[in-house]
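Comments concern the structure below.
No value in this document is a laboratory result; all are computed from the given coordinates. Keep in mind that what you see is a predicted model, and the values were worked out from it rather than measured. Virtual Cβ from ideal backbone geometry, glycine too; neighbours counted across all protein chains shown.
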Amino acid sequence: MAVYEHGYKPYTGSLTPEWSRFLILPRHAFRDVFRSKFFIAFFALCFLYPLVAAILIYLHHNVNAIALMKLDLRELVPINASFFHAFVTSQCSLGFFLTVLIGPPLISRDLANNALPLYLSRPFTRKEYVVGKMSVILILVSLITWIPGLLLFLLQAYLEGAGWLGQNLRLAGAIFLASLVWIVVLAVMSLAVSAWLKWRVVASGALLAIFFIPSAFGEIVNALFRTRLGHLISLGAIMNSLWRGLFGLFQRQTGQIEGMRNGRIIEITMLEPPLWASWLALALICGLCVLLLMRKVRAYEVVK
């Protein structure tokens, strides 16, 4: 309506709390994500392993089912730290491919269409914008990693009894922390790639390259110099060491190889990098991603 008619009225409805206004970002992002039938199929496939794990836990405590299926209890997978470590490793791997599907367009679309100034002119800050975009990955990957992992832990604790819960409470913390660290790494890395590469296919390829190319190069370094320090440039090896450390399965000595020294055949002990070095390498990777993200995601004035 024309302004001179003075027929307009100010908004008199209820206002949303300031802390929750940025949640509009993941709400619309979820709507776009679940339009893809391929994503829905892959997301449903991610719950297959938790279902199988729940069945294994149930069989461990159901004598009738074991007798009916003629199974030996000793042949079943033991429910211990290795069991939950394998679960976290498998689900976090699926979480990586899930991020490859949903991460690249989160920020690139806003930058490609010059929508970032419009977002940042709304009543939320740049940090809230980034957190809103990150929450898409945080929520979806959490649904297939630590949430079903803790449910499996509680199922095992319920069937085994209170004594098992008290003795293995550390496993619950390891499931949550191992998954959370990986989810944060995926979220920060995918948003940094999305901010710098506007084409979705190129951004998805970059995420895959960041994971696989340093891993291959690290193995080459290990083979040439007969060391395990090459694992510090491999994101997969770094996370594997950290996950094993959280579950109490980490071992520095990973084998021995034969070598030559002064014409003699000697055995060289192969040692994995210490856990503090893996944590430091991961912190450096995340810090670099944050710097790249903050450099690209910032307000600017459009002058016509």
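Of note:
- Using a simple spin-label model with pseudo-atoms 7 Å out from Cα toward Cβ, TYR49 and THR16 lie 3.4 nm apart.
- Dimensions of the chain based on its C-alpha atoms, expressed as ranges along the principal axes with the largest first, amount to 92, 63, 34 Å.
- All-pairs alpha carbon distance profile, region 67-225, 10 Å steps from 0, percent: 10, 28, 26, 20, 12, 4, 1
- For MET270, residues with placed amide H under 5 Å, excluding near neighbours: THR254, GLY255, GLN256, ILE257
- A Förster radius of 22 Å combined with the Cβ-Cβ distance from TYR158 to ASN62 puts the calculated FRET efficiency at roughly 0.95.
- Hydrophobic, long helices, defined as DSSP H runs whose alpha-carbon span along the helix axis is 30 Å or greater and whose mean Kyte-Doolittle value is at least -0.5, occur in the chain at 81-102, 169-196, 200-225, 275-296.
- Mean residue ellipticity (222 nm) of the chain, computed from DSSP H runs ≥ 4 via -39,500 (n - 2.57), nearest 500: -21000 deg cm²/dmol
- For region 116-242, the relative contact order comes to 18 percent (Cα pairs under 8 Å, sequence separation of at least 6).
- Contact order relative to length of the chain, as percent, for alpha carbon pairs under 8 angstrom and 6 or more apart: 19
- Cβ-defined net charge surrounding LYS198, 11 Å radius [Lys, Arg +1; Asp, Glu -1]: +2
- Sum of side-chain charges, SER278 neighbourhood, beta-carbon under 14 Å (Lys, Arg +1; Asp, Glu -1): +2
- Under 25 Å, Cα to Cα: Lys pairs in the chain, sequence gap 8 or more or different chains: 9
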